[in-house]
Each structure stands twice: as C-alpha cells, then as structure tokens.
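This report refers to the structure that appears directly beneath it.
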Amino acid sequence: MNWCHYRFRSLWDLPGAPADVYAVLERVEEYPLWWPQVREVTSPDGRSGVARFRSFLPYDLHVAAQERHRDPDAGVLEVVMSGDLDGWARWTVTPGPLGTRARYDQEVEVRRPLMRRFAVPGRPVFLLNHAVMMRAGRRGLAAHLAAV
C-alpha cells in the first residue's frame with residue numbers, strides 16, 4: 001500500500017439549482033469567501049492557478065491547478081494538481097434532494113516532505129483533517145448559496 005496516496009469522495013446536498021451551484025464552483029478565486037480552509041486562490045484566467053489550504057493541522061498545503069475538463073451541461077469541473085498534492089480533483093453537479101448534489105472526487109499523492117515522513121502514523125489524522133475541511137466547505141457553500 002502506498003501510504004501517501006489518497007482517494008476521497010464527498011457528497012454535498014445543497015440548496016439551489018445545479019446551474020447556480022456550478023456557477024459558484026467554477027469561480028475558484030472566490031472559494032476563500034465561503035470555504036474557511038481555502039485560505040488563498042490566485043487564478044489569472046479562471047482555468048489555472050495556485051491555492052493555499054489549511055485545516056486544523058498547523059501546516060499549509062500549496063497546490064497549482066490546471067483545468068482539465070469543464071462541461072457546464074454535464075455539471076463537471078476537473079483539474080489536475082501539482083505541488084504539495086499531485087493528482088486530480090473533480091466536481092460533478094447534478095439535481096439532488098435539496099436542489100443540487102455536488103459530488104467531489106479527488107485522487108492525490110502527497111508530495112509535502114513532512115506529510116510523507118509521517119505517512120503511516122499520521123494517516124488517520126490526515127484523513128480527519130480532510131473530513132473537517134470538507135464539512136466546513138459544505139456548510140460554507142450552503143450558507144453562501146442561501147445568501148445570494
């Protein structure tokens with residue numbers, strides 16, 4: 001088993017129409033407005049950029065992202081990532097019980113040296129750190145959608 005490899009899936013049931021949720025998700029430079037753990041995003045063109053994340057563990061992750069697939073009709077946004085995390089992430093937005101279901105899939109390998117050193121004993125804490133971040137993101141996006 002590669003202890004530095006992670007696969008994640010999160011399902012967010014959100015208020016609002018899928019097109020409205022998709023429109024918010026494609027504006028990555030605005031993620032810090034509603035997602036507390038996304039500390040900073042710079043995106044000169046809306047299709048590539050650099051992000052800084054930090055959940056409850058005392059370290060920042062820096063990731064460069066490049067759009068791989070964008071299909072508003074299918075509700076898909078996908079990026080490839082490099083930096084402290086190397087891999088890909090995808091949003092798939094569809095109708096759901098509250099209006100929209102946003103599915104987040106991610107497959108990455110950790111490249112940050114400290115996380116690699118603690119890959120085995122730290123894995124449960126790293127997974128919890130990610131879960132906390134995703135819960136906060138769902139809450140933040142739901143509140144953001146309700147406010148607009």
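Quick look at the numbers
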read-out: Percent accessible area from carbon and sulfur atoms, the chain, protein chains only, probe 1.4 Å; value: 57 percent
read-out: Rounded to the nearest 20 debye, dipole of the chain from Cβ charges on Lys, Arg, Asp, Glu; value: 640 debye
read-out: Most to least accessible of 12, 88 (protein chains only, probe 1.4 Å); value: 88, 12
read-out: Placed amide H near residue 39: partners under 5 Å, 5+ positions off or other chain; value: 52, 53, 54
read-out: Computed lengthening from residue 80 to residue 11, 0.36 nm per intervening residue step minus Cα-Cα distance; value: 22.8 nm
read-out: Accessible area per residue, Å², the range 1-74 with all protein chains present, probe 1.4 Å; value: 57 Å²
read-out: Percent of Cα-Cα distances greater than 22 Å, calculated over the chain; value: 37 percent
read-out: Whole-Hz ³J(HN,Hα) from phi, Karplus 6.51 cos²θ - 1.76 cosθ + 1.60, for the range 2-19, glycine and proline x; value: 8, 6, 9, 9, 9, 10, 10, 9, 10, 10, 10, 8, 10, x, x, 6, x, 5
read-out: Within the range 62-98: backbone nitrogen closer than 18 Å to the residue 2 label point (7 Å, Cα to C-beta); value: 64, 79-90
read-out: Burial ranking of peptide ranges 68-76, 18-26 (average Cβ count within 10 Å, highest at the top); value: 18-26, 68-76
read-out: Nearest-10 value in Å² for the accessible area of residue 59, using the 1.4 Å probe; value: 30 Å²
read-out: The chain: angle of helix 119-147 to the longest principal axis, Cα-based, in degrees nearest 10; value: 20 degrees
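The values are calculated or read from the model by the stated rules, or taken from the named source; none is laboratory data. Predicted, not measured: the structure shown is a model, and the values here were computed from it. Every residue, glycine among them, receives a Cβ derived from its backbone with ideal geometry; neighbour counts consider all protein chains shown. Note: areas computed on protein heavy atoms with side chains; ligands, DNA, RNA excluded. Shrake-Rupley method; radii C 1.70, N 1.55, O 1.52, S 1.80 Å.
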